[in-house]
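Here the structure comes first, spelled out in structure tokens, and everything after it is commentary.
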Amino acid sequence: MNMTSPIRTVYVNGQYCPESEATVSIFDRGYLFADAIYEVTCVLGGKLVDFDGHMARLQRSLGELDMGMPLTVEELLAIHRKLVAANNVVEGLIYMQISRGVADRDFNFPPEDTRPVVVMFTQSRPVIESPLAKRGLKVISLPDIRWGRRDIKTVQLLYPSIAKNAAYKAGADDAWLVQDGYVTEASSANAYIVTSDGKIVTRKLSFDILHGITRAAVFTLAAESGYILEERSFTLQEAFDAREAFITSATSFVTSVVEIDGVAIGDGTIGPVSKRLREIYIERATAAAS
Ligand code: PDD
């Protein structure tokens, strides 16, 4: 339920309707098995940021789960644009979820002709002037006990939600997840450090992390701006000793991390590399949004 804005128009399986009238079946496999994938696309100035990147990842996630594209990219784009317009979203996001469809509860996949359920809704909120981005994030570390295919953007988000909640309870903003002594990523963002010799380090792409669309964009922008990027795993200790730390995601862009497990990173304020990368990212994303 959206408590702060008027009733939104949402999209459910070919229908546009008020959010109060939108329903999905209790037999939806997304609901029963988390058998669904999703994408979150940022809206800036009423336009979509990196829509093609999100569509490419969507197709990959669907393929990895033996699901087909229920609609063409052009059709999905048209729905995104229609929802942005219908809800007057200037800044915020669009959430899109595609489940394997509705079938009686059975661990086996339903017949191939089962129709996927497509749901989309918007959320208006400040992204550029985010209060958290202005002050920098405090994070805690937690063990990464998620499943082994984090590269697939499934709606199976219970542990990230538990981790974020644990962070809030501990007076922090988010959690960085750690596996075998190395940081994988944040609860819903990719994680980076800037080493004492100025290199930007982030874990390389694998099944262990989500292949962030913002990560790919920031890689290009950072390289263009002369920063040296190193794709490798890093330990928590390296993060404590780092000059800076930050996260990236579609809805946080580049956001500085100023404290991990109570340890101030660098001088405990937003560092110049993350500040600059955020500025460049916002500039480019705003210009390229379509
Ligand atoms: N989360 N890693 C995880 C685990 C994520 O959930 C996300 C995104 C990212 C960053 O990916 P991208 O740059 O493509 O947004 C990395 C979205 C924003 C969410 O779940 O709301």
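The values are calculated or read from the model by the stated rules, or taken from the named source; none is laboratory data. Note that the structure is a prediction, hence the values are computed from the model and not measured. Every residue, glycine as well, gets a Cβ built from its backbone with ideal geometry; the counts of neighbours run over all protein chains shown. Note: accessible area is taken over every heavy atom of the protein model, side chains too, but ligands, DNA and RNA are not part of it. Shrake-Rupley method; radii C 1.70, N 1.55, O 1.52, S 1.80 Å.
Data table
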| read-out | value |
| --- | --- |
| Pairwise FRET efficiency - residue 228 versus residue 288, Cβ, R0 = 22 Å, nearest 0.05 | 0.35 |
| Neighbourhood net charge (14 Å Cβ-Cβ; Lys/Arg +1, Asp/Glu -1) for residue 59 | -4 |
| J(HN,Hα) series, region 219-232, from Karplus relation 6.51 cos²θ - 1.76 cosθ + 1.60, nearest Hz, glycine and proline x | 4, 4, 5, 5, 5, 4, 8, x, 6, 9, 10, 10, 8, 7 |
| Within straight-line cross-link reach of residue 47, lysines at Cα separation under 21 Å, skipping those fewer than 8 residues along the same chain | 82 |
| Count, lysine Cα pairs under 20 Å in region 131-288, 8 or more residues apart or across chains | 8 |
| Cα long-axis angle, helix 158-169 against the chain (0 to 90 degrees, to the nearest 10) | 50 degrees |
| Relative compactness, region 131-288, computed as alpha-carbon Rg over 2.2 N^0.38 Å | 0.95 |
| Equivalent ellipsoid, region 9-124 (semi-axes from 5 times Cα gyration tensor eigenvalues, Å) | 25, 16, 11 |
| The chain, relative contact order in percent, only Cα pairs under 8 angstrom and at least six apart counted | 18 percent |
| Cα centroid separation, region 19-89 to region 168-226 (Å) | 24 Å |
| Nearest-ten-degree value, helix 73-86 long axis tilted from longest Cα axis of the chain | 80 degrees |
| The chain: C-alpha pair distances exceeding 29 Å, % | 36 percent |
| Packing-based ranking, highest mean first, of 62-71, 76-85, 15-24, 137-146 given that Cβ atoms within 10 Å are counted | 137-146, 76-85, 62-71, 15-24 |
| Solvent-accessible area per residue for the chain (1.4 angstrom probe, square angstrom) | 48 Å² |
| Efficiency of FRET between residue 114 and residue 220 - r from beta-carbon atoms, R0 35 angstrom, step 0.05 | 0.35 |
